[in-house]
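Below is one structure, written out as structure tokens; comments come after it.
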Amino acid sequence: MSNSSERIEKGILSIDKELYDFITNEVTPKVGIDAEKYWQNFAEVIAKFTPRNKELLAKRDEIQANIDQWHLDNPATNGEIDFPKYKQFLTDIGYLLPEGEDFNVQTDNVDAEIATTPGPQLVVPVRNARFALNAANARWGSLYDALYGTDMIDTADGKDKGSSYNPKRGAEVVAYAKAFLDEHFALASGSYTDATGFSVVDGKLQIQQGDSNTELATPEQFVGYVGDASNPTGILLTHNNLHVEIQIDANHNVGKDDPAHIKDVLMEAAVTTIQDCEDSVAAVDAEEKV
């Protein structure tokens, strides 16, 4: 924690120097806002809303005092209070208001992953850089690594993890992963076990199976690729708004032994990683805000 008390005075504002430098030198140039204009506008907001904020805080204190006194004047009987009487009291003091008419709120420029796409989300406090980085990285993970390193694959019949790579366990991992692909990204014919290569033709994914080709049973599950269309290094598929990337590398120690040169299958675990500013903005010092 910084113990610095150095502050920059801007009109009615007294700003911690570290926060001032961050906003002035790093934030405003990147978003195209004049720093002096920003601090001037911010001071106007503070001047405008501080009196109203004080009024609201005073009103809250008044309401709380009234509620405390009501409970002193109306003790519970056998653990129960007179609920209709209590509700009327809360209405009389303005704590409860009549239900208003239905309304809609519209927002612009919100990413679909936040606004319209249902799915798991990772939330992490922004104040801890290591936590934030881990959460961002945790959005995607290797299915091969997860299978190899956990008890999803048993250790019987020589499939133990060992101190170095165990090809027998590795083969079981690959078989499991391809069965997963068959279940959630089914091919029009055959299995991923039969795949010997991938290509993209006229925007559609083609899966080679020896001398023949097939495609996805649901072609819309293919959403992108990396590399050359005739020999991609990555295939991106989607199911229930979550994505899977089939990674292809003939020179990789796993991919070289795979008929389709699949080296890994990456799984998307969450549609977003939310950097949670709630505690950091409201309850910490300038250094942590920065």
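Within segment 116-168, the set of residues being on the phi > 0 side of the Ramachandran plot and of a type in the set (Asp, Glu) comprises just one member, Asp157. The helices (runs of 4 or more DSSP H) found wholly in segment 1-99 and carrying at least 1 residues that are in contact with a Ser or Thr (Cβ under 7 Å, 6 or more places away or on another chain) and surrounded by 12 or more Cβ atoms within 10 Å (Cβ to Cβ) occupy 17-21, 35-73. The residue list Asn213, Asn240, Asn251 contains one member that is at pLDDT below 95 and among the polar types (S, T, N, Q), which is Asn240. Within the bounds of segment 258-269, is there any residue that is basic (Lys, Arg) and surrounded by 14 or more Cβ atoms within 10 Å (Cβ to Cβ)? Checked against the condition, which is being basic (Lys, Arg) and surrounded by 14 or more Cβ atoms within 10 Å (Cβ to Cβ), segment 258-269 yields at least one hit. Answer with yes or no whether Glu183 is exposed (fewer than 12 other Cβ atoms within 10 Å of the Cβ), farther than 30 Å from Lys289 by Cβ and modelled with pLDDT of 90 or more. Considered against the rule, which asks whether it is exposed (fewer than 12 other Cβ atoms within 10 Å of the Cβ), farther than 30 Å from Lys289 by Cβ and modelled with pLDDT of 90 or more, Glu183 comes out as yes.
Here the condition is being modelled with pLDDT of 95 or more and touching a helix residue (DSSP H, G or I) at 6+ places or on another chain (Cβ under 6 Å); of Phe89, Phe49, it holds for Phe89 alone.
Scanning segment 32-41 for any residue that is farther than 30 Å from Thr272 by Cα and touching a residue at least 24 places away in the same chain (Cβ under 8 Å) turns up at least one such residue.
Just to be sure before I move on: is Phe198 surrounded by 14 or more Cβ atoms within 10 Å (Cβ to Cβ) and closer than 19 Å to Asp257 by Cβ in the structure I sent? Against the criterion (surrounded by 14 or more Cβ atoms within 10 Å (Cβ to Cβ) and closer than 19 Å to Asp257 by Cβ), Phe198 qualifies. All of (1) out of contact with any Phe, Trp or Tyr (no Cβ under 8 Å at 6 or more places or on another chain); (2) within 30 Å of Leu133 (Cα to Cα) hold for Val254 with one exception: (1).
The values are calculated or read from the model by the stated rules, or taken from the named source; none is laboratory data. Small disclaimer: the values here were computed from a predicted structure and weren't measured. So basically every Cβ, Gly included, is an ideal-geometry build from the backbone, and we count neighbours across all protein chains shown.
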